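Chemist: Okay, handing you the structure first.
No value in this document is a laboratory result; all are computed from the given coordinates. All values reported here derive from a predicted model rather than from experimental measurement. Counting neighbours? That spans all protein chains shown, and the Cβs are built from the backbone with ideal geometry, glycine included.
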């Protein structure tokens, strides 16, 4: 074949286009690890909504709650084994969750972490039209006081199947349901407490909860593996924030991760503007929320003047389930 | 431009080739989540060997061991808070680990899980020439009885920088160091116990440890999110293995994950062939190891006749640290 100039151009174009598409394929996967969890975890293609879909799924492992668990009400509360101590502030941890292959694993290890924390009330809000049996059974067996709520993400925020790029604020509506639940169930002064937004696949050192327990207004600390840094967060001096160590979008007023702060319960109960805006620009949930309730000089520095990391923005890799449904489900042969 | 038959062929070829390269880019990332952890986690490009490299890294969070921790010896043992109960078999958990951005987060949540388990001795073997200060400090503060060992993976098994495909048996040499340590420190009959290979980023329901505690020879159970399945493992009847639910390489004699079995300590102490072969074919570490010490009919089925999942082969996503070292390290301005 004679290589005319036209053909050489074709070959060059072919090569360039191939490189572009290769990079595109690679990048679509790579960006998953940097961008915030809210923006990419939509449309769980491996999701299963009931435990029955998962052959091995049912278990009764985490020691069962001691008594009185009610599962039927959508705001049922399952009790912890250790009774609450009325002299210790309660930590209300608000955790959005959604059905996916790793959900039970993530919830299991988080439960086992929270079992070490005294006076913690875990408010779980599922992204679903109703409570899923998997989460209901899980919470019944998790020895942490909890409430199970649910709110399906509105269709405007549902990611398209192909691209999840526009889907910035996953979990915002669910966190608002948690805040509303607190406002419906408590009045200012009812109970001393603090509110924390804690996702189900982050990693928490149990010391974090003792750091946040005594928060007068809003407390703050660094978060590991967030914002493209080993640790992102405030730089503090004598208990106050002086600067920010931040790479992504440093112009934000409060350039922090959702896991970086806790708020006194009474602030939530008395300030109706303390809500997340699901329709705001991606990455600005936290600054907008904090701007409505506090100022930078007011922030209370925790974690040894913001020098220590007690929470990491980890992400559980999405597993391949390439053989699922492709081999005979032999497990069904078992009685 | 006139579309001759030749040009149409070119366009068709261009399209096909582009699709192929796109799929290749995608697949190179996707395969990471299916293939066993040993085969892909080499060459941690975000690794840091000392805690000093990580500005926020030092902390004293997990309540410190109560007394007597010795950190200087390479086989130092740090004590658990709860004294061991001599009537309860000891679980020796062998965990290979290596320096990477997520190491401390993974170890932290695993420590907090193991804190719930009685009579557990955690044997951690680092893939390094010497003990790293990060792990030494971590273990001193983790309230679990532990021993810190180390063994640098031999150069024959080091992955090349570009492709980690040939690196199948990461952790095998480290696990052998753990087995050798047991043989050096115990004689058959010294102590009732069981040996378990538990990686640092798996997820463990604490019930798993009660399942394995009473193992006469070798016990077995399913593993969640392993081998391309929601759960991979044995199908059992009346306490014995009847079949296997497996997708990848079903011809193996024991087609199971490393997290699927536990072995009575005396089997390890009396059988010098109970070792892992770092140079064997990938994915065959477990079958070769088990073949040397037991047979399928002998296996003891746990987890309610292998119907329940108490351990998941989760993987912590590698975080992007794209801004690390690219912005002023403001944290250094703090005293």
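Chemist: Taking the label point as lying 7 angstrom from Cα along the Cα-to-Cβ axis, what are the distances from residue B:243 to the corresponding position in the remaining copies, in ascending order and in nanometres?
Modeler: Values, ascending and in nm: 6.5.
Chemist: Suppose you put the label 7 Å out from Cα in the Cβ direction; list, shortest first and in nm with one decimal, how far residue B:272 is from each other copy's label.
Modeler: Distances between equivalent label points, in nm: 8.0.
Chemist: To make sure I understand, if each residue's beta carbon is the centre and we count other beta carbons within 10 Å, what order do B:88, B:265 fall in, fewest to most?
Modeler: B:88, B:265
Chemist: Then there is this: Report the percentage of all Cα-Cα pairs in region B:217-311 whose separation exceeds 17 Å, rounded to a whole percent.
Modeler: 46 percent
Chemist: Zone of residue B:298 (label point 7 Å along Cα→Cβ, backbone N under 18 Å): which residues in region B:218-242?
Modeler: B:218-221, B:239-242
Chemist: A further question follows. Sort A:126, A:237 so that the residue with the fewest other Cβ atoms within 10 Å of its own Cβ comes first and the one with the most comes last. Please report the intermediate quantities before stating the final value.
Modeler: Details: A:126 24, A:237 15.
With the fewest neighbours first, A:126, A:237 line up as A:237, A:126.
Chemist: Give me the distance in nm between label points sitting 7 Å out from Cα along the Cα-to-Cβ direction at residue A:130 and residue A:242, one decimal.
Modeler: 5.7 nm
Chemist: Now for a different question. How much length is gained on full extension from residue A:88 to residue A:277, taking 0.36 nm per residue of separation minus their Cα-Cα distance?
Modeler: Values: separation 189, 0.36 × 189 = 68.04 nm, distance 3.15 nm.
Contour length minus the Cα-Cα distance gives 64.9 nm.
Chemist: Same structure again: When only alpha-carbon atoms count, how far does region B:105-247 stretch along each of its three principal axes, as whole angstroms with the largest first?
Modeler: 47, 42, 31
Chemist: Okay, next question. Provide a whole-number value for the mean count of partner chain Cβ atoms within 10 Å of the Cβ atoms in peptide B:230-241.
Modeler: 3
Chemist: Ok, one more. Using a 10 Å cut-off around each Cβ of peptide B:111-124, what is the average number of partner chain Cβ atoms that fall inside?
Modeler: On the way: counts 3, 10, 7, 1, 5, 7, 0, 0, 0, 0, 0, 0, 0, 0.
That average works out to 2.
Chemist: For B:230, B:253, what's the fewest-to-most ordering of other Cβ within 10 Å of each Cβ?
Modeler: In increasing order of surrounding Cβ atoms, one gets B:253, B:230.
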